[in-house]
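Down below is the structure, laid out as C-alpha cells.
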Amino acid sequence: MLQTTTVGSFPKPAYLVKARNEFASGKISEEKLSQLEKKATEECIRLQERVGLDILVHGEMERGDMVTYFAERMKGFGISGLVRSYGNRFYRKPVVRGEVKREKPITVKTFQYAQSLTEKPVKGMLTGSYTMCDWSFNEYYPDRRELVLALAKEIHKEVVDLEKAGAEYIQIDEPAISTRPDEIELAIEAMKIVTDGIGAKTISHICYGDFRIMYPRILDLAVDQLDLEFANSDFSNLEIFKHPKFTKEIAVGVLDVHSHIIEKKDEVKENIRKALRAFPVQKVYIDPDCGLKTRTPEEAEEKLKVMVEAVIEIKEELGIE
Ligand SMILES: [Zn+2]
C-alpha cells in the first residue's frame, strides 16, 4: 500500500549532456557514450535506493525525447528538422514514410541492465502508439487510425519482450491522449492491442490534460494503473474522479516537477490525505506529477526525499505497513 515510484525520466548529469553533444558532433564513439549512459543509469538507481523508493525506473539516460528515440529505432520512420513542442522544448519530429516495423527490441537491454543493478523492481518504460502517431508527421498511412493501430501492433511486441525479460511493471506513456479528447476511442482501441495477454502490471502515464472531458472514458484504457498529475493543478481535479468511482489503481502525482521549489513535507502529506479521500488506499501509489528530467539532480533527490518521508509518516498515521 502507498508504494512510492516516479514517472520515468531523471535529470542527466552534466558529463552525460556533454557526451551527448560530443557524440552528435562526431567527437566521441557510440561505445564511449553508451559507457557513460550506463554510469548515469547506475547513479540514478543508487539515488532512488538512497531515497528509499519502492518501484524504480532506469531514468531514461539514453533518451533525448520520448517519441523520436523510438522512431529512430523502428523501420518506416524518417526524422524531420527541429519542431517546437510544449513550452520551449524542441525536438526532431519523426515522419512516417513507410510501413512501421519494430525489427528488434528497443528498450529490453537497458531494462535488463538497470534491473541487474538492484533488488527492487524496475519498470519497463516505453511510449504508446497514440502518442507516437500524434507527435509524428504521417506521409504513408491513409489516416491516423491506421497508423495508430499499426504502431500498436509493433509496440505490443516490445511489451511482450519486456515481460519475457522479467519486467513486473510495464509503463506505456500516453501524454498525447489528453490533448485530443475527441480521439480517446482510438487510444482505447490501440491500448487493447498493446497490452493484449500481458500478465505484468501495466501502467499508463497521461499528463497536461483536462481530465473532466476524458473521465470516465480513460477507465477503459487497457492498463491496470493510471498515473496522473495532481500537484501542478493543486488537486483541483480530484473531485472528477469521485463520480463515477475510479476503478483502477492510481499513481497520484504529489510533486510539481515544473517548480524548482522543494515541497514541504506537511504540504505533501496534505496532498496524500486529499488523494486518500478520493481513492481507496489499497489502490494508491505515490509519485511526482511527471518525469523529473527538467530538474537538477539535487532538486530531484531533495523532492523525492520529502515525498518518501511524507509517505512514511502517513503510513504511520494510518497504521499500515
Ligand atoms: Zn507527464
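The condition of being closer than 30 Å to Arg63 by Cβ, assigned to a helix (DSSP H, G or I) and either of a type in the set (Ser, Thr, Tyr) or without any contact (Cβ under 8 Å) to a residue 12 or more places away in the chain (or both) holds for only one of Glu317, Glu298, that being Glu298.
All conditions in (1) in contact (Cβ under 8 Å) with a residue 60 or more places away in the chain; (2) of a type in the set (A, V, I, L, M); (3) in a helix (DSSP H, G or I) hold for Ile203, with the sole exception of (3). Quick one: is Tyr69 modelled with pLDDT under 85 and either acidic (Asp, Glu) or over 14 Å from Asn138 (Cβ atoms) (or both)? It is false that Tyr69 is modelled with pLDDT under 85 and either acidic (Asp, Glu) or over 14 Å from Asn138 (Cβ atoms) (or both).
On the given criteria, is Phe10 within 29 Å of Ile250 (Cβ to Cβ), among the aromatic types (Phe, Trp, Tyr) and in contact with a Pro (Cβ under 9 Å, 6 or more places away or on another chain)? Yes, satisfied. Among the residues of the stretch 1-21, are any of a type outside the set (Phe, Trp, Tyr), in a loop (DSSP other than H, G, I, E, B) and modelled with pLDDT under 95? So far as the stretch 1-21 goes, yes, one or more of its residues are of a type outside the set (Phe, Trp, Tyr), in a loop (DSSP other than H, G, I, E, B) and modelled with pLDDT under 95.
For the stretch 87-120, filtering for residues that are within 19 Å of Gln171 (Cα to Cα) and either in contact (Cβ under 8 Å) with a residue 24 or more places away in the chain or part of a strand (DSSP E or B) (or both) leaves 13.
Please verify whether the stretch 120-132 includes one or more residues that are surrounded by fewer than 22 Cβ atoms within 10 Å (Cβ to Cβ) and away from the ligand (no atom under 16 Å from the Cβ). Checked the stretch 120-132: at least one residue is surrounded by fewer than 22 Cβ atoms within 10 Å (Cβ to Cβ) and away from the ligand (no atom under 16 Å from the Cβ). Of the residues making up the stretch 157-176, those that are farther than 22 Å from Thr6 by Cβ and either among the basic types (Lys, Arg) or surrounded by 20 or more Cβ atoms within 10 Å (Cβ to Cβ) (or both) number 2. Considering Arg89, Arg97, Arg63, the condition of being in contact with a Gly (Cβ under 8 Å, 6 or more places away or on another chain) and of a type outside the set (Val, Ile, Thr) is satisfied by Arg97 alone. Of everything in the stretch 177-200 that is buried (at least 24 other Cβ atoms within 10 Å of the Cβ) and within 16 Å of the ligand (Cβ to nearest atom), the residue that is farthest from the chain's Cα centre (by Cα) is Ala187.
Exactly one residue out of Lys303, Lys269 is crowded, with 17+ Cβ neighbours inside 10 Å, within 16 Å of the ligand (Cβ to nearest atom) and in a helix (DSSP H, G or I), and it is Lys303. May I ask you to list the residues in the stretch 238-266 that are under 17 Å from Ile203 (Cα atoms), without any contact (Cβ under 8 Å) to a residue 40 or more places away in the chain and within 16 Å of the ligand (Cβ to nearest atom)? If the condition is that a residue be under 17 Å from Ile203 (Cα atoms), without any contact (Cβ under 8 Å) to a residue 40 or more places away in the chain and within 16 Å of the ligand (Cβ to nearest atom), then Ile250, Val252 are the ones that fit.
The values are calculated or read from the model by the stated rules, or taken from the named source; none is laboratory data. On a predicted model such as this, the values are computed, not experimentally measured, just so you know. Neighbour counts run over all protein chains shown; Cβ positions are idealised from the backbone, glycine included.
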